[in-house]
Structure formats: structure tokens, C-alpha cells
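The values are calculated or read from the model by the stated rules, or taken from the named source; none is laboratory data. Since the model is a prediction, treat every value here as computed from it, not as a measurement. Don't worry about glycine lacking a Cβ; one is built from the backbone with ideal geometry, like all the others, and counts go over all protein chains shown.
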Amino acid sequence: MSEKIQRAMVVTAHPDDSEFGAGGTIAKLVKDGCEVTYVIVTNGNKGSSDRTMTPERLALIRAEEQRNAARTLGVSRIEFLGYPDCEVEDTRDLRRDVTRQIRKWRPDLLIAMNPNRTYNLGGSHRDHRVTAGVALDCVYPLARDHMSFPELMPDYEPHKVLEVYLMQWETPNLVVDITDVIDLKIKALACHASQFKDFEGVEKRVRERSAELGKPKGYAFAETFDRIVLGR
């Protein structure tokens with residue numbers, strides 16, 4: 001990973017998306033001295049099969065789980081945008097809210113999900129695709145151009161992101177070796193207890209998938225991305 005990355009932002013749809021898609025990479029960034037900010041678009045209030053659960057209670061549970069997972073990885077802060085789960089739309093309000101976070105925390109690197117439908121079922125979640133598309137639009141040109149969202153000025157000055165990593169499983173152009181932090185990724189994922197009936201099975205699948213992604217490069221475990229370099 002580039003030495004110039006001092007601040008990173010991870011923009012995802014739900015609590016747990018960051019850990020599943022990039023938990024190892026986030027841990028490595030933190031270990032390298034990078035300041036990492038999470039921006040979580042939804043409150044995750046639909047993600048339960050428990051018939052006794054309510055959306056209000058689930059949102060509180062998932063926020064606390066996300067705080068614990070972020071703390072495990074050493075993430076500096078979390079910004080919860082609070083949009084309803086499974087209802088994310090590409091609206092001016094959402095684009096403004098994400099633009100505000102980019103201008104506020106001024107990341108060199110932004111990590112997001114994949115805006116395209118993929119063979120991975122989780123990656124094809126509509127919230128994931130919409131959130132990723134919005135994140136890309138905010139990186140360029142909305143966060144960069146001062147006449148976009150003039151109501152954000154002068155409190156939130158324009159900012160240019162230098163690199164974007166899009167979580168990718170099929171044809172990545174960046175493979176990050178997470179062998180030395182795979183246990184930390186698993187520990188962070190375990191914080192999202194409301195989402196798992198059988199965490200041993202989840203851990204097994206995550207390790208197997210990470211091993212599969214690392215194999216072409218000779219890494220024991222890896223995470224993969226499409227890397228977009230925007231430059232200064």
C-alpha cells in the first residue's frame with residue numbers, strides 16, 4: 001500500500017460490510033499509522049430473522065456492534081448517517097451527506113463496495129451497489145468542486161481523494177496480503193453477533209475465501225480490490 005496514505009475513509013451500506021470486505025486491509029492501514037474513518041450509510045435495522053426483534057432495537061444493537069468492531073481494528077471514528085436499511089436511494093441528500101464526510105475528514109484513500117452486480121450474493125445487495133455508486137460520485141466530482149452543494153461552504157471546503165479501492169472478488173487489480181491480520185479481521189467480524197447463528201461457519205467461509213483470493217499471489221490470506229488512482 002502507498003506510503004502517502006495518511007487518512008482513509010471506508011464508506012459502506014451496513015454495519016459489518018467494512019469488516020467483511022476490507023477488515024484486513026483496514027487493520028494493515030491502522031498498523032501503518034493511517035487514520036481511518038468509517039461512514040456507515042444505513043442503520044442496519046432490517047438485518048434480523050428474529051420475529052421478536054424490532055427495527056428500533058436492532059438499530060441500537062448494530063450500532064454498538066459496529067463500534068466494537070471498529071475499536072477492534074483501531075478505526076479512529078464512525079459516522080452513522082442513519083438511512084433505513086434496504087431502502088438506500090441515490091438522492092441529493094445522500095450525495096450531500098457523503099460529500100460532507102469526505103470534505104470533513106479529507107481522506108487520501110476511500111474504500112467502498114462494488115457498484116456493479118457481482119457473482120457474490122452479498123456483493124449484489126442493492127444497498128451495496130447504490131452506496132458504492134454514490135461514494136464514487138462524491139469522490140469525483142462532488143467533493144472536489146466548490147460549486148457542488150454550496151450550502152456546505154465555507155464549513156466544508158472541497159477535497160480531492162487520491163485513491164479509491166473498490167471491494168472486488170472476480171477480476172481485481174489489487175491484492176492485499178492480510179496474512180498477518182486475518183485473526184484480527186475475524187475478531188472484528190465476531191463483534192457483529194446479531195448477524196450470525198453459527199459464527200464458526202462464518203469464520204470458516206471467510207478464511208477459505210481469503211485463502212482463495214490470496215492463492216494467485218502466493219499469500220496465505222488476502223483481500224482484493226479494484227484500485228483507482230486519481231492523483232493530486
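Pro115 passes every criterion in (1) at pLDDT 95 or above; (2) surrounded by fewer than 20 Cβ atoms within 10 Å (Cβ to Cβ); (3) within 14 Å of the chain's Cα centre (by Cα); (4) not hydroxyl-bearing (Ser, Thr, Tyr) apart from (1). Put simply, of Thr52, Thr131, Thr72 the only residue that is without any contact (Cβ under 8 Å) to a residue 60 or more places away in the chain and either buried (at least 17 other Cβ atoms within 10 Å of the Cβ) or over 14 Å from the mean Cα position of the chain (by Cα) (or both) is Thr52.
If you filter the range 79-111 down to residues that are of a type in the set (Val, Ile, Thr) and outside any helix (DSSP H, G or I), you find that the one that is nearest to Ile178 (Cα to Cα) is Ile111. Of all residues in the range 47-78, those satisfying the criterion of being more than 26 Å from Asp183 (Cα to Cα) and either among the β-branched types (Val, Ile, Thr) or assigned to a helix (DSSP H, G or I) (or both) are Thr52, Thr54, Pro55, Glu56, Arg57, Leu58, Ala59, Leu60. A count restricted to the range 1-17 and to residues that are touching a residue at least 40 places away in the same chain (Cβ under 8 Å) and within 26 Å of Gly231 (Cβ to Cβ) stands at 11. All of Pro158, Pro216 fail the test of being at pLDDT 95 or above and more than 26 Å from Asn116 (Cα to Cα), apart from Pro158. Give the residues of the range 199-222 that are touching a residue at least 40 places away in the same chain (Cβ under 8 Å), touching a helix residue (DSSP H, G or I) at 6+ places or on another chain (Cβ under 9 Å) and hydrophobic (A, V, I, L, M, F, W, C), sorted by residue number. Residues satisfying the conditions are Val206, Ala220, Phe221, Ala222. Each residue in the range 185-208 was checked for being surrounded by 14 or more Cβ atoms within 10 Å (Cβ to Cβ) and over 15 Å from Asp16 (Cβ atoms), and 1 of them qualify. Of the residues in the range 134-162, how many are out of contact with any helix residue (DSSP H, G or I) (no Cβ under 8 Å at 6 or more places or on another chain) and assigned to a loop (DSSP other than H, G, I, E, B)? Residues flagged as out of contact with any helix residue (DSSP H, G or I) (no Cβ under 8 Å at 6 or more places or on another chain) and assigned to a loop (DSSP other than H, G, I, E, B) within the range 134-162 amount to 9.
Among the residues making up the range 12-46, those that are surrounded by 22 or more Cβ atoms within 10 Å (Cβ to Cβ), assigned to a loop (DSSP other than H, G, I, E, B) and more than 10 Å from the chain's Cα centre (by Cα) are Asn43, Gly44, Asn45. Taking (1) at negative phi; (2) surrounded by fewer than 24 Cβ atoms within 10 Å (Cβ to Cβ); (3) not in a helix (DSSP H, G or I) in turn, Met9 satisfies each apart from (2).
Just one of the listed residues (Ala143, Ala211, Ala222) is touching a Lys or Arg at 6+ places or on another chain (Cβ under 6 Å), farther than 29 Å from Glu64 by Cβ and at pLDDT 95 or above, namely Ala143. If you filter the range 75-100 down to residues that are touching a residue at least 40 places away in the same chain (Cβ under 8 Å) and among the basic types (Lys, Arg), you find that the one that is surrounded by the fewest Cβ atoms within 10 Å (Cβ to Cβ) is Arg77.
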